[in-house]
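For reference, the structure is listed below as structure tokens.
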Amino acid sequence: MKQDCTVSQSTADETKCFQTSENNEFPKGTHVSEPDEMTGSAIKKCSQVKDNCTSWSYLFVHNQKVKSIEEQLKKDGLTHFVHKTIKYVPRHRNRGGMREVETPTVSGLIFLQGDPKKIQYYLDRNVNSYKLCKNCSTGRIATITCNQMEPFMRVAETEPERLRFLLRPFVYYSKNRTLLRIVTGEYAGLEGYVIRIARDRKLVMDVGGMAVALSGVHAERFEEVNKNEADKKERELFYKRNLHERNAFIDRYFHQVKTAQEVAAQVENIDILRIQTIKDVESKKLDLKDAFDTFYFMIEEIGYYYAPFIDYFKDELRPIFEVGRTVKEEMEKAIKIFKDSDEELHNRCETEFEALQNNYGYLFE
């Protein structure tokens, strides 16, 4: 599986150039540069897949915890999947030769098979209360159907070089594009958008809200997914949410914007929340972990309300993303404090921050 090793989140980055026009064949889409570092064949790490497959979910853990958590999952018999890549690095600084280093393709990413509620219950009891990731386009726990996950794992095992994680979430690619379905070959049924990436047409698929590009689809035949289905998915972009009390309070400060005045007002609201959260920590009304969670939700709110419109109104929305960057900076400050006071909490928050970056980092570039 390919990755762009120049970014910290182990995901491919896209260039600023974004094409919105479509030709009579397929949309050309975003261009992505290829990785520079040499990597070898990827290795599939997956326990035996159960026949009565329900669905898959995933979580991010601290990269140093992946090995021990894999061992725990294997011991407890939980079906899981961790895709790893072999990198070739110099064996010694002053000597010749190369050695293989096996690392997760996406830092700390673990897929788990089963009912999300049961998986989360298991995690709460056994894996330091790590939380299953949400699909950033729905706000709910990310789930991947088996008929989607199994071809993904099959490609990852047999032809890993065909797969590539992208920096932006899948919802980013959905605007003004035609949803297509492969109807030929062993990957028939996979759906996504055909987009030109690094001078090659690829099928960009939804894997639990993450965008994964599948190359080598030139010979496949496609059909358009029923337009009514696509329209329904578009209408569900703004989902119904069941927010906890504090998050519901924060949500009152966020609104859709249409004018420059509304953008300015929204910027002020975000800064008010940021400053008030800091003051609550200083006055001992809020502990630092709760403040970190508040900042986390504020970034999610920015993504929820404004990410769908970044292609059309990026310049107009820029002040909101700039003030959002200051919220991210507060999260980074908290992580540094945790490093000196609580290593376990530091690792957990660092992992949550990396997951947040995977979903929304592109907004604040």
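The values are calculated or read from the model by the stated rules, or taken from the named source; none is laboratory data. This is a predicted model, so every value here is computed, not measured. Here the Cβ is made from the backbone with ideal geometry for all residues, glycine too, and neighbour counts use every protein chain on show.
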Suppose we filter Glu350, Glu344 for residues that are acidic (Asp, Glu), farther than 26 Å from Met210 by Cβ, in a helix (DSSP H, G or I) and in contact (Cβ under 8 Å) with a residue 24 or more places away in the chain; which single one remains? Glu344
Every residue from segment 91-126 that is at pLDDT 75 or above and surrounded by 17 or more Cβ atoms within 10 Å (Cβ to Cβ): Gly108, Leu109, Ile110, Phe111, Leu112, Gln113, Gly114, Pro116, Ile119, Gln120, Leu123
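Of these, Leu180, Leu132, Leu163, which one is under 19 Å from the mean Cα position of the chain (by Cα) and either farther than 28 Å from Tyr305 by Cβ or free of Cβ contacts under 8 Å to residues at least 40 places away in the same chain (or both)? Steps first, please.
On the way: Leu180 fails: under 19 Å from the mean Cα position of the chain (by Cα); Leu132 fails: either farther than 28 Å from Tyr305 by Cβ or free of Cβ contacts under 8 Å to residues at least 40 places away in the same chain (or both).
Checking each option against the conditions leaves just Leu163.
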Qualifying positions in segment 319-349 - surrounded by fewer than 19 Cβ atoms within 10 Å (Cβ to Cβ), more than 17 Å from Met298 (Cβ to Cβ) and either of a type outside the set (Ser, Thr, Tyr) or touching a helix residue (DSSP H, G or I) at 6+ places or on another chain (Cβ under 6 Å) (or both): Lys336, Ile337, Lys339, Asp340, Asp342, Glu343, Glu344, Leu345, His346
Residue identified as touching a residue at least 60 places away in the same chain (Cβ under 8 Å) and exposed (fewer than 14 other Cβ atoms within 10 Å of the Cβ) among Asp287, Asp315, Asp311: Asp311
